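A quick write-up on the structure given underneath.
The values are calculated or read from the model by the stated rules, or taken from the named source; none is laboratory data. Computed from a predicted structure; not experimentally measured. Virtual Cβ from ideal backbone geometry, glycine too; neighbours counted across all protein chains shown. Ligands, DNA and RNA are excluded from the accessible area calculation, which covers all protein heavy atoms including side chains. Shrake-Rupley method; radii C 1.70, N 1.55, O 1.52, S 1.80 Å.
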Amino acid sequence: MCGIVGYVGEQQALEVVLGGLRRLEYRGYDSAGVAILSGSDLLVERKAGKLANLEKAISEKELAGTLGIGHTRWATHGPPTDRNAHPHQDCAGKVAVVHNGTIENFEVLVRGLEERGHARRSDTDTEVVAHLVEERYDGDLAATVRSICKDLEGSFVLVVAHQDEPDLVVAARRNLPLVIGLGDGENFVGSDVTAFIAHTREARAVDQDQVVEVRRSGVVVTDLGGTVVDGETYHVDWDTAAAEKGGHEFFMLKEIEEQPAAVRETLGGRMQEDGLLHLDELSMSDDDIRQIEQVVIIACGSSYHSGLVGKYAIERWCRLPVQVEMASEFRYRDPVVGRSTLVIAISQSGETADTLEALRHARAQKAWVLAVTNTVGSTVSREADAVFYTRGGPEVAVASTKAVMAQLAAVYVVGLYLAQVRGTRDTDEVRAHLADLLEMPDLIQEVLDRMGPVRQLARELQDAERVLFLGRHVGYPMALEGALKLKELAYISAEGFPAGEIKHGPIALIEEGTPVVVLAPRHALQAKLVNNVQEVRARGARTIVIATDGDESVTPYADTVIRIPDTKSLLTPLLTIVPMQVLSAEIARARGLDVDQPRNLAKSVTVE
Ligand code: M6R
C-alpha cells in the first residue's frame, strides 16, 4: 500500500513522477504529493484525496527540476489530510521523504526528536525519518539513510531527497516492494515497474535491508553496512499500452475485455508439440512431484477464490488432498506442512503481506513453495522455491478481473501437470483437458459479446440493499467471488454460499425481491441447483440464473437468465465469473462510484 516513485535524469521530474504516480495510484488514493529539486530549493506539494486534486493544485505552479520523488497514500498513521500527505520534511525544509509501510517504533523516536527540539508537523510515523536525516546528515545521504534504517523497526520503503544533493535520490527497503528502473542518463525507483515502464523496461529488484543510491549516471546498491551488492537486472515485457485505459472509461472495464488474451498468455508456451505440458518453472523433478502427499494453497481475496477452484481441479485430477487457506490465518494456526507438502501461494501482486508471511512460514517448515503470481520480480516470486507467472499483464483497477482469470487458467495447468507426472490421469485425458482449456479464450470472448442484458440488469439492481450468490461445486468459489466483487465495487451487502447451505440459515435473509444470483451451468449437480432456485424463489427472491446455452431446466424459475456457452463443468468458472464482474462494475457505474478505485481499498495490501 502506498505508491512511491523517485527520479533523477534529464527530463522534467514533475512529469515523470506524476506519470509514475498515475500508474501507482491503485496502491492508495488517500492523498498524493511530490518533491522537486528546483535549483537549490526543494519544492514540496501535497494534497489530500486523489492524485487529480494534487494535479489541480499544482497546475499553476512552477515546479521545474530534473530530480523528484512522489507518493500516493493509503493512510495508516493519521487521517487522510493535507497535513499527513507525503512527502514529509525536516524542520529546515531541506529534506523530503516518502514512505510506504509502518515504522513500529516511531513513538519512541518521536519522543527523542521532540526532546532534542524538533517540531512535529504531522500525525505520521514517516516524519521521524525526515528529522533523523536532518540530525545525522553530514554530506553523505546514503550513509545517513543506512544509519537510520538500523534504528527503524517495522516495514518500510523510503525514498529520500536532500536539497544539498542535486544528483542523488536514496531509497531503502525492508519487507515491502522496491524496484529500480535503469535508463540512459536517467534512473528510477518505484513500488513496481509501472512507475517507470513508460521510460525504461530494464529493471532490478532490491533485496531486504538494501539501500539504493540513484544518480543520473547509474545506480549503486549497498547493504546496511555499506558494502556494494550485486543484483540481477531483468527485462519487463509488459506493453505500456496495457497500463493505459485505451479508450475505456475505467481500467476495470478494459481489463474485463482483456480476459481472453490473459488466458491465452497463461496457456501459451506451456504445451509441447505432443499436446502435453512442459513446466520446467516448477523446478521439481518428476520424483519430487510423485512424492507430494498434500497440497496447501494460500492466498487472499479473489486469489483465494482461484485457489478454491484449484482445490476442485487438483483433487479431481491428482487424487491428492488439497487444503485452501486464507493466508492471513495460515501461520497462526500452526499448520501441518512439511517436506512432502506442495504449497501454492497465489498472488496477483506478489506483494500481499499476508501471503508473503504465510509463504515464509511454509518454507520454514520445509514445504516446497510454488508462487503463482502476475508480477515478475515481486517479493513472493523471489522468496518462493519456484514461480509460475500467470502473464495476465498489468492490472490497474483495484478489483481484480483478468488477473483472477489468469490465475484460474494457471491452477488448471498446474493441476493437469501434476496429474500428468503422477500418472493419475492418462496422457490422452490430459491432452483432452488441455484441448478444452485452449478453447476457453474464445468461449470467454463469446460471453463478453453477450453482456448487453447484464448491463440492463445492473441498472435494475442498482438500488438493491443485499444480493446473494449461490453455487455448487466450482460454482461455490465463484459465488464467493461474485459477492466480493459486488461488495468492493458497489458497496452493496453481498454474500456467497454453497447453494446447499442456504437452508441451514442464510435463506432467512431472503425477502420479497431480494436478488439472488444462482450459478447453474450444466453439470452433475444441475438438478439440485434447480431445486435451490425454486426454494429461494418460493420465498420471494428475484432469481438471476447463469445457465448454459440450451438448458431450459431452470428457465421456469428464473426471473432473468444469463446464458453462457457449454463447456466441461470443472472449467465453468472461466465463464460464470464474467457476467458477475460486468454486473458489479456496471452497478457501481450506475451508482456513480469510482469503479477503479473503490473506497478504503488498495490493490496491493502490504500490511498484515
Ligand atoms: O495481489 P493479491 O492477489 O495477493 O491480492 C489479494 C487480494 O487483496 C485481492 O484479490 C483483493 O481481494 C482484490 N481487491 C479483489 O478484487
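Brief remarks follow.
- Sequence-distant residues sharing a close amide H with G496 (under 5 Å, placed H): F469
- Trypsin sites (Lys or Arg not before Pro) restricted to DSSP loop in the range 115-179 with at most 15 other C-beta within 10 Å: R116, R120, R121
- For the range 468-474, 3J(HN,Hα) computed residue by residue from phi via the Karplus equation (6.51, -1.76, 1.60; θ = phi - 60°) reads 10, 10, 10, x, 10, 6, 5 Hz, glycine and proline entered as x.
- Förster-model FRET efficiency, 41 Å R0, R360 and E446, C-beta, rounded to 0.05: 0.45
- Backbone N within the range 192-220 under 17 Å of label point (7 Å from D184 Cα along the Cβ vector): 197-203, 216-219
- Gyration tensor (alpha-carbon) shape descriptor, the range 449-590, a/c threshold 1.5: rounded
- Packing-based ranking, highest mean first, of 228-235, 160-167 given that Cβ atoms within 10 Å are counted: 160-167, 228-235
- Note: relative contact order over the chain, using C-alpha pairs below 8 Å and six or more positions apart, is 12 percent.
- Cβ-derived FRET efficiency at R0 22 Å, D123 paired with D151, nearest 0.05: 0.60
- Projecting the Cα positions of I346, F330, V387 onto the charge dipole of the range 255-438 (unit charges on Cβ atoms of Lys, Arg, Asp and Glu, taken about the Cα centre) puts F330 furthest along the positive direction.
- When the surface is traced with a 1.4 Å probe over the full set of protein chains, D82 keeps roughly 60 Å² accessible.
- Karplus-derived 3J(HN,Hα) values for the range 137-145, using 6.51 cos²θ - 1.76 cosθ + 1.60 with θ = phi - 60°, are 5, 10, x, 10, 5, 5, 5, 4, 5 Hz; glycine and proline are entered as x.
- Computed from backbone phi with θ = phi - 60° and the Karplus coefficients 6.51, -1.76 and 1.60, the 3J(HN,Hα) list for the range 369-379 is 10, 9, 8, 10, 9, 8, 10, 5, x, 5, 4 Hz; x is used for glycine and proline.
- Sequence-separation-based contact order of the range 449-590, relative, with Cα cut under 8 Å and 6+ spacing, percent: 30 percent
- Cross-link pairs K61/K245; K50/K94; K402/K487; K487/K603; K61/K603 - those with Cα-Cα distance over 23 Å: K61/K245; K50/K94; K61/K603
- The C-alpha atoms of the chain define a longest principal axis, and helix 353-364 lies at about 80 degrees to it.
- Cα gyration tensor category, rounded, prolate or oblate, for the chain with a/c compared to 1.5: prolate
- Distance between the modelled labels on D559 and E114, one decimal in nanometres: 5.7 nm (7 Å Cα→Cβ projection).
- Simple point charges give the picture: +1 on the Cβ of Lys and Arg, -1 on the Cβ of Asp and Glu, and for the chain a dipole about the Cα centre of about 1440 debye.
- Student exercise, the range 63-207 dipole from Lys, Arg, Asp, Glu Cβ charges, in Debye to nearest 20: 260 debye
- Residues L601, L308, sorted by accessible area with the largest first, give L601, L308 [1.4 Å probe; ligands and nucleic acids excluded].
- Prolate/oblate/rounded call for the range 255-438, Cα gyration tensor, a/c under 1.5 rounded: oblate
- Amide H contacts under 5 Å for V607: A353, restricted to partners 5 or more places along the chain or on a different chain, H placed in the peptide plane at 1.01 Å from N.
- Its DSSP H runs of at least 4 residues, each contributing -39,500 (n - 2.57), put the calculated 222 nm mean residue ellipticity of the chain at -11000 deg cm²/dmol, to the nearest 500.
- Summed side-chain charge close to A403 - residues other than A403 whose Cβ falls under 9 Å, Lys, Arg +1, Asp, Glu -1: -1
- Net length gained if the chain between R459 and A52 were fully extended (0.36 nm per residue, minus Cα distance): 143.7 nm
- Cβ-derived FRET efficiency at R0 51 Å, E15 paired with E107, nearest 0.05: 0.85
- Close amide H partners of I564, meaning residues 5 or more places away or on another chain with modelled amide H under 5 Å apart, are A547, T548, D549.
- In this label model, D82 and K245 are separated by 2.7 nm, measuring between points 7 Å along each Cα→Cβ vector.
- Taking label positions 7 Å along the Cα-Cβ direction at both L276 and S493, the computed distance is 5.4 nm, reported to one decimal.
- Peptides 274-280, 496-502 ordered by packing proxy, namely the average of other Cβ atoms within 10 Å per residue, highest first: 496-502, 274-280.
- Sequence-separation-based contact order of the range 255-438, relative, with Cα cut under 8 Å and 6+ spacing, percent: 30 percent
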